Structure formats: structure tokens, C-alpha cells
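Down below is the structure, laid out as C-alpha cells.
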Amino acid sequence: MPTVHDWINNPLAVVDGLFAQSNSSPDWEKKVVEYFKEKLKLNDAHTWVPSLNDVPLYYLKPNSLVKFRCMVQDMFDPEFFMGVYETNDLTSNSKQVKCGKYRDITVGGQVDFNSRNTVTSERQTFYCVPIPGESQWAKESYAGTSQARVVPSTSYVPNRHKRSYEEDDEMDTQPQQMKDVSQGTQSSAESHGNTEPKRQETEAPSHDSSSAHCTSSLDLNFPLPGEKGPACLVKVYEDWDSFKLNDMLEVFGILSADPALRVIADEREASLLLDPTEVTETVEEQRVHSPPASLVPRLHMLYAQPLVHNNPLLPSSAPENDGDHLSSVLGELASVRAELHTYLTHVLMGDSLAAEYLILHLISNVYSRRDVLPLGKFTLNLSGCPHSSPYTEHLYKAIQQLVPSSYRLCMSLHNMNNQRMVPRKDYTANRLVSGTLQLANNTSLFLDETQLEQGQLDATGVRNITALGNLISWQKVDYDFNYHQMEFPCNINVLITSEGRSLLPSDSQVHLRPTLNPPNLEEYLSAVQVAQIPSQLNKYRIYLSVARALNYTISDEITKAVEEDFVEMRKDDPQSMSAEDLHRLLVVARLLSLSHGQNTLSRDGWMKAKQLEALRISRTQQQKSVSGNEP
């Protein structure tokens, strides 16, 4: 059996060995998956596996075991391949049965297509991209835990074993020339494939509604503009129905970036141009589904770990499943919450009430759905944000430092009228063209309405505003399939910053009331953020993820008390407390309890929630009377 590192460097040898031992028994495929699952469980062995997120492609050995932290952006049609085939060795005049699974190209001599031993199998292909909007601190933390030893398979040996894609962008031309000389024409083409797309990645997707079809094979179809990192074609061999669009996964698989794939794709494209009637796919579809392997490598999935979250500071499983870790975190929850509240109060220029509601927003989570109603969401509108200063930008940076994934959408008239927010189906290329709202669960979406100026929204702008409203109200995005729309449920935390009340719906509005007036706002906010040392920020990050994932219940006794309280509040003035107000109060009570590490509502928690809401409503009414023009 292979040594400790052979299963990482040469996993196909393991596959071939188990196939040879199988004697045509179908169980060999399960044994392959179980073998790698068991290996990855031992002694943090998953940290030995190089990651496509951290290491440039040309540093990775072809046909080695790698991992990829990603989101499923699109699902292509199933494809057929030769799961088992027979080869003829002309020199020895012998035949050999080989395994074609986890490969793109057959190996071992001339294939006998008429052999009775040939087995045609089916696999699914997912187009996967790095998790949209993943924070830099999360990427660095994931890369920091890696123990993979990665060196190029050439004479050129770098000073560092690993380098992120962001660092790779900063390389000057001299190291690039060294690689070109030392790696020869094949690797030169591959390194070109890794540098050329980087210009494209900052431009693509353009998200301009005027672009009807994508004909460039260099469009990596990232949902968010300016994203970096690899896209990947993940080949799935079993249980592909268990995966859904927009799922977050950590895929462990065999890397395939064979230059022969480009040759095959070019030949197919040439035949399409010469005689389009010979095949069913279009040139555009061919380019999208068979991009250069140096740009979009293939990853043959052995095992995929669904990610409940992408916080590298916590176990990848749900926090409540790790009792020891959870109990240690819960012990510090109260103190960390107090420190986080103090920090956010400074960020919000001394507004303690707004800091309370921002904490509740950051730990909110759609925990269930009742018919079409998403339960647990808490979209917060922070009004009173100054338009002229860069305050909202600094506020977003502070939030970005706390959450694993986020995106700031400036709601300027140009963005609203030109940005493609809703994904749509391109039937010519047979792919789902991404949009800004194609995000993974638990992403924090920061809508900066202070950037919205006077002007006319066109048809695209109206569709985008409608899509944002549906996302906020129903936690769903209606993807555009031309002839119909298809609902995709989501779980996105939406924070809206605005001058007055937002034109978008929200679950709660808090008008900022600063108690601090620093002479230089930018310097003050920068100093507040710099004062937070990394270990303290990590405490906040763990706290938010754990509080978000805690289970919550209400006892029958408290339920009855709440009902009686509701009747009492409506007794004097029935208009003072509607069913909608009660629902909001229950959501606030739930989040307030969870923020203190309590997984059930107490009488004291209910009273605190009522006091908090009373303060917020009082402030909102005072602001209405001052401004006079708010709805």
C-alpha cells in the first residue's frame, strides 16, 4: 500500500491498485472513496493537501490530490466517459484492462473500442468558483493552517513553499522569465494561462446588462467583479443530486490540467466551424464547457465536505456538533459580546443603541421557512449616515474584518442601471451567467444607499431594485431563464446604510445618533480599527459565527407570558402593537438571547427586548418629527 505521502502525490496509483484488486467487483469504487476519507481524517491530514485557493496552479503536480474551497456556480449536463477500457500493447502484443475513472485522458497504449470489457459510465460536471466575497483575513487564515509542502516540479525552486494568488499578482517580470526559461514551452503556456486571466478576472464578469453572450473563454464568470483565484470544473462521480447550486464545498480531488485537453478542445471547435451539423453543441458552448485546462483546471472529486460556514477559526462542521469547542466558547461569550459592543459603539461614533442592533443583525440567520416566509432574517437599515464623508466605506471595512464573506454594493444610479445582479441562463453557451446576487449562504451584503443620486432608473435599474427587495423580504433570488423565472432561496444578511429612511424594505430601522464628533473622521475610524489586535478580532469572529449557529427554543410558559403581554399592550391602544410588531419583537428577543449565549428565551430577556425596541421606536419617531418628510 502507498506510503504516507504517496496518496497525496500519486492518488491514481491508489485508484489503479484498488481497481486491479477488485476482479471486476463493483465495490472497488466505494473502497476508493472510503480509503481517501479515512486518510483525510487522520491527524489533520487534510492540512497536508495543497489548496487551489492558496497555491498557483503551476506549483501543483498534475494528477496529485488537491483541495478547493468553492461555491457551485453552475451545473453542466452529465457526460459519458470510459469507466473501464482495454488497451493493446503493439510491442508485446498484449492486452490490459484499465480504469478510466478520475481521468480526462486514456493512458497505456492504443484503446480497443470494440472490447467487451469496455464500460461506459456517467459523471456530472460542476463549474465552481472561489467563495464570492471571501474576506482577506479568512483566506490568510486558511492558508496559514496549511502544512502542504509545495514546490514546482522543475529545477526552479522558490524561496517560499506557498504563495497566494494575491501575492502571485505582485510578482515582477524577472521571476516570470525564470519560470519561462526553466519550465519550457508546456509550462510557459500554463504560466501564461495563469497570468493572462488575472487581467480578465478584475474585469470579468463585467455585469453589464448589454453583454448578451459570453464568447470569450477567458471569462471566468465570477459573481462579483474584481474577484481573484481559480475557477474549476469539478467532475462528480456519485451522489451529485445531493449538491445544489450555490452550495459551499471543500472538494478533495485529483487535479487534471493536461495540455492535451486544449488540443482536443481545439479539434472539436474546428470541426464545429467546418460542419456545425455534425454535433449538437455550439461554438460558444464548446468554449465555455471546455476552457483551457491551464486556466480552468479539472478536479476529479473523491470527496466533498459541505461547508456550513467558511470561518477558518472554527471546525468545518456545525459548531453545535463540537461540544468541547462550543462549551469553551460559550464560557467567554458574555465578555466577548461586551468587548464587541464597545468596539462597534466606537465605530458608530458613540451610538450604543445602533451597536446593539448591529450585533443582532450580524448574528441573524434564516433558520427555517414557514411557507414562503423566511424565519430569522433581520435586515437592518442604518439611517442618518452622512453622504459627503467616506463614513460608510469605513463602516463596511469594519464589518469586513468581522465576517468571513461580504460585499459592498454602492447603489449609484450607474450601478443600478448597468450592473447585472440577477443570474440568467445563456442558452447559446448553455451556461448560467452569474450576477452580483449569486452569493453563498451567510454572506453579508452591505447596500450603500448614500451613493444613490437623483436621476431616472431604467428598466434594468427597476429590475435590480425589485430583485434587492425580494432578497430582503423573502430571502430568494428569481434567476432569469428567459422563458420563465426560477426561485433560488438564500440566506444573506443585508445591511442598508442611508441618509433618510431606505427606499428598500427592512426589518428594523435605527437612525444613527452620534455622541462623538471627531475633528478628522477618517483618522478616528482608522485608529479605532487599528487598535483592534488580531487576537481580539479573532474572538469577535468566533463569537459571531457561534452565536449565529446556536439552536433556540421558547418554552410553553414563556410563550403564554408573551401572549398575555401582547393582549395587555393592545388593551389601551390596539393600534400600538400589530402582529407585525409582535413578530419583530420576537425576532429581537431571539437574537438578543442568542447574543448572550442563551438558547432559550427568559422573562428577563423578553423585558430587555421590549426596552430595546421602545428606545429604537422612540428615536425613530423623534427623527420623523425633526425631519418631517420621512414616511
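The values are calculated or read from the model by the stated rules, or taken from the named source; none is laboratory data. Because the structure is predicted, anything quoted here is derived from the model rather than measured. Neighbour counts are summed over all protein chains in view; Cβ atoms, including those assigned to glycine, are modelled from backbone coordinates with ideal geometry. For the accessible areas, the whole protein counts, side chains as well, though only heavy atoms, and no ligand, DNA or RNA atoms are used. Shrake-Rupley method; radii C 1.70, N 1.55, O 1.52, S 1.80 Å.
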note = Given 543-554, 507-518, the highest-first ranking by average Cβ count within 10 Å works out to 543-554, 507-518
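How long are the semi-axes of the equivalent ellipsoid of the range 323-545, defined as square roots of 5 times the Cα gyration tensor eigenvalues? Whole Å, largest first.
Semi-axes, largest first: 31, 23, 15 Å.
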Cα Rg over Rh - the range 324-396, Kirkwood = 1.07
message = Please compute the per residue accessible area over the range 323-545 with all protein chains in place, 1.4 Å probe, rounded to a whole number of Å².
response = 39 Å²
note = Carbon plus sulfur, as percent of the 1.4 Å-probe accessible area of the range 428-492, comes to 49 percent
key: Ordering of 45-57, 472-484 by burial proxy (mean other Cβ atoms within 10 Å per residue, highest first)   = 45-57, 472-484
key: Cα-based reach from Lys624 at 22 Å (exclusive), listing lysines while leaving out same-chain residues under 8 positions away   = Lys610
note = Under the rule rounded for a/c under 1.5, else prolate if a/b exceeds b/c, else oblate, using alpha carbon gyration tensor axes a ≥ b ≥ c, the range 550-630 is classed as oblate
inquiry  = Defining a contact as two alpha carbons under 8 Å apart and six or more residues distant in sequence, what relative contact order in percent does the range 461-545 show?
reply    = 18 percent
inquiry  = On alpha carbon coordinates alone, what is the Rg over Rh value for the range 442-570, Rh being the Kirkwood radius?
reply    = 1.05
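If R0 is 56 Å, what FRET efficiency do you get for Glu557 and Gln21 from their C-beta distance, rounded to 0.05?
Details: r = 62 Å, r/R0 = 1.11.
The computed FRET efficiency comes out at 0.35.
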query = Given R₀ = 41 Å, FRET efficiency for Val107-Gln136 by Cβ-Cβ distance, to 0.05?
reply = 0.50
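If you average 1/r over all unlike Cα pairs in the range 50-91 and invert the result, what Kirkwood radius do you get in angstrom?
Working: mean 1/r = 0.0699 Å⁻¹.
Averaging 1/r across every pair of different Cα atoms and inverting gives 14.3 Å.
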ask   = Can you give the relative contact order of the range 550-630 as a percent, counting alpha carbon pairs under 8 Å and 6+ residues apart?
value = 32 percent
message = Can you say what percent of the DSSP beta bridges in the range 323-545, counting only those with both residues inside, are antiparallel? Round to 5.
response = 40 percent
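Could you sort 428-436, 569-577, 531-539 so that the peptide with the highest average Cβ count within 10 Å comes first and the rest follow in order?
428-436, 531-539, 569-577
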ask   = Which lysines, on any chain, are close to Lys139 with Cα under 25 Å apart, when same-chain ones fewer than 8 places away are left out?
value = Lys37, Lys39, Lys41, Lys61, Lys67, Lys162, Lys198, Lys228, Lys235, Lys244, Lys397, Lys539
task = Tally up the carbon and sulfur contribution to the accessible surface of the range 550-630 as a whole percent, 1.4 Å probe, everything protein left in place.
result = 50 percent
